[in-house]
Amino acid sequence: MKFFTKIFLVLIVGMLSLALVAPAVAQEKMTMDEYKAELAAAQQREATAKAEIAKLDAEIAQLQADIASTDQQTTSTWDEIYAMLGTDRAGVEAYRNQMRSLEGDVDAMMALSPEELYKRRAEIEQLQARLDEMKTSNIAKLTEMMDWIATLEGKLAQLRSKVASYQPSYDQYTVVRGDYLWKISGKQEIYGDPYQWMRIFSFNREMIKDANLIYPDQNFKIHRGEGSDEFYVVKKGDYLAKIAGSAMGGPTTWMKIYEANKDIIGENRNMIYPYTVLRVPK
């Protein structure tokens, strides 16, 4: 094995030696005239390449000058347009930043659920008011801004559509000084009927521990009973078995309703009051 290894190394060394000697042999065979001819040809190619490079550099310089001139003309034209609108570049950029801010607020609302949008529907109108104010500026006449405004109008329309499609189960009411449940229930924007005070009391059972004690700035949920089968408003003549039959499909399930509403019904399961809002267990 060692013998063959030595032979292999000798062959490798021999091949390398031939590779190094071959160019030398080839060079020795080139005459001086041939060398001068090759050198002259290489020098000519170099000169031609340098001339071509110089030509291209000149063309590039001319193009850069043309671009700079065009940019200057474009800038001047836009400055004239801005002046006709009663503004300048700084004014347009400030307007653009306001549009970005407004779009960010609109997009944040777009990410909300229909229920959350319903609660914050007043904010949608505030966003619309901001956009309407932006539209009064002459800058809004720029094509860029007209397209931007149209996009935001479309998004606001989508937000209103979501709100309109949502069936709320409750509104909100903030208690003011001098309020009491009977008085709140009698307000036209609430129920227009003071006898429905029990509806407010039972629907806000986590917040109201004593029907005679409510406080300014408390936020009560005003039950509307639309779009949800999670609640049932007691009517005159109702009793648990009857409610269970209509709300849960079987009168024998009345105990489930009682257990879910024990905190508001109390120990006497046979005594429930009209306008009480009961939870309907699933």
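The values are calculated or read from the model by the stated rules, or taken from the named source; none is laboratory data. Small disclaimer: the values here were computed from a predicted structure and weren't measured. Because the Cβ atoms are built from the backbone with ideal geometry, glycine has one as well, and the counts that use them run over all protein chains shown.
Going by the structure shown, is Asp217 in contact (Cβ under 8 Å) with a residue 40 or more places away in the chain and either of a type in the set (Lys, Arg) or in a helix (DSSP H, G or I) (or both)? Talk me through it step by step, then tell me what you get.
Working: in contact (Cβ under 8 Å) with a residue 40 or more places away in the chain: yes; either of a type in the set (Lys, Arg) or in a helix (DSSP H, G or I) (or both): no.
For Asp217, the condition - in contact (Cβ under 8 Å) with a residue 40 or more places away in the chain and either of a type in the set (Lys, Arg) or in a helix (DSSP H, G or I) (or both) - is not met.
Within the stretch 227-260, track down each residue that is touching a residue at least 24 places away in the same chain (Cβ under 8 Å) and not aliphatic (A, V, I, L, M). Walk me through how you get there before you give the answer.
In the first step, residues of the stretch 227-260 are kept if they are touching a residue at least 24 places away in the same chain (Cβ under 8 Å); the result is 227-236, 238-240, 243, 247-248, 256-257.
Residues satisfying the conditions are Gly227, Ser228, Asp229, Glu230, Phe231, Tyr232, Lys235, Lys236, Asp238, Tyr239, Lys256.
Suppose we keep only residues that are part of a helix (DSSP H, G or I), out of contact with any strand residue (DSSP E or B) (no Cβ under 6 Å at 6 or more places or on another chain) and modelled with pLDDT under 90 within the stretch 245-257. Which one would you say is surrounded by the fewest Cβ atoms within 10 Å (Cβ to Cβ)?
Thr252
Condition test on Ser169, is it more than 30 Å from Trp78 (Cβ to Cβ) and either over 28 Å from the mean Cα position of the chain (by Cα) or surrounded by 17 or more Cβ atoms within 10 Å (Cβ to Cβ) (or both)?
Values: more than 30 Å from Trp78 (Cβ to Cβ): yes; either over 28 Å from the mean Cα position of the chain (by Cα) or surrounded by 17 or more Cβ atoms within 10 Å (Cβ to Cβ) (or both): yes.
For Ser169, the condition - more than 30 Å from Trp78 (Cβ to Cβ) and either over 28 Å from the mean Cα position of the chain (by Cα) or surrounded by 17 or more Cβ atoms within 10 Å (Cβ to Cβ) (or both) - is met.
Residue check: is Asp105 closer than 28 Å to Gln172 by Cβ, out of contact with any strand residue (DSSP E or B) (no Cβ under 9 Å at 6 or more places or on another chain), charged (D, E, K, R) and not assigned by TED's automatic domain parsing to the domain that holds Ile222? Outline the logic, then answer.
Numbers: closer than 28 Å to Gln172 by Cβ: yes; out of contact with any strand residue (DSSP E or B) (no Cβ under 9 Å at 6 or more places or on another chain): yes; charged (D, E, K, R): yes; not assigned by TED's automatic domain parsing to the domain that holds Ile222: yes.
Judged against the criteria, Asp105 is a match.
Regarding the stretch 195-203, can at least one residue be identified that is in a helix (DSSP H, G or I), surrounded by fewer than 14 Cβ atoms within 10 Å (Cβ to Cβ) and not basic (Lys, Arg)?
The answer is yes, given that some residue of the stretch 195-203 is in a helix (DSSP H, G or I), surrounded by fewer than 14 Cβ atoms within 10 Å (Cβ to Cβ) and not basic (Lys, Arg).
Out of the stretch 165-189, which residues are without any contact (Cβ under 8 Å) to a residue 40 or more places away in the chain and under 15 Å from Asn204 (Cα atoms)? Walk me through it before giving the result.
Taking the stretch 165-189 first, the residues without any contact (Cβ under 8 Å) to a residue 40 or more places away in the chain are 177-189.
Tyr180, Leu181, Trp182, Ile184, Ser185, listed by residue number.
A quick yes/no check of all residues on (1) closer than 20 Å to Glu133 by Cβ; (2) exposed (fewer than 13 other Cβ atoms within 10 Å of the Cβ); (3) of a type in the set (Gly, Ala, Ser); (4) touching a Phe, Trp or Tyr at 6+ places or on another chain (Cβ under 7 Å):
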| position | (1), (2), (3), (4) |
| --- | --- |
| Ser69 | no, yes, yes, no |
| Thr74 | no, yes, no, no |
| Thr77 | no, yes, no, no |
| Met84 | no, yes, no, no |
| Tyr95 | yes, no, no, no |
| Ser101 | yes, yes, yes, no |
| Gly104 | yes, yes, yes, no |
| Asp107 | yes, yes, no, no |
| Ala111 | no, yes, yes, no |
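Run down Glu206, Glu123 and say which single residue is charged (D, E, K, R) and in a loop (DSSP other than H, G, I, E, B).
On the way: Glu123 fails: in a loop (DSSP other than H, G, I, E, B).
Selected residue: Glu206, the only one of Glu206, Glu123 that is charged (D, E, K, R) and in a loop (DSSP other than H, G, I, E, B).
Among residues belonging to the stretch 52-95 that are touching an Asp or Glu at 6+ places or on another chain (Cβ under 8 Å) and part of a helix (DSSP H, G or I), point out the one that is nearest to Met146 (Cα to Cα). Step through it out loud before you land on a result.
Just the residues of the stretch 52-95 that are touching an Asp or Glu at 6+ places or on another chain (Cβ under 8 Å), to begin with: 79, 82, 88-89.
Of the ones still in play, those that are also part of a helix (DSSP H, G or I) are 79, 82, 89.
Numbers: Asp79: 19, Tyr82: 15, Arg89: 17 Å.
The residue in question is Tyr82.
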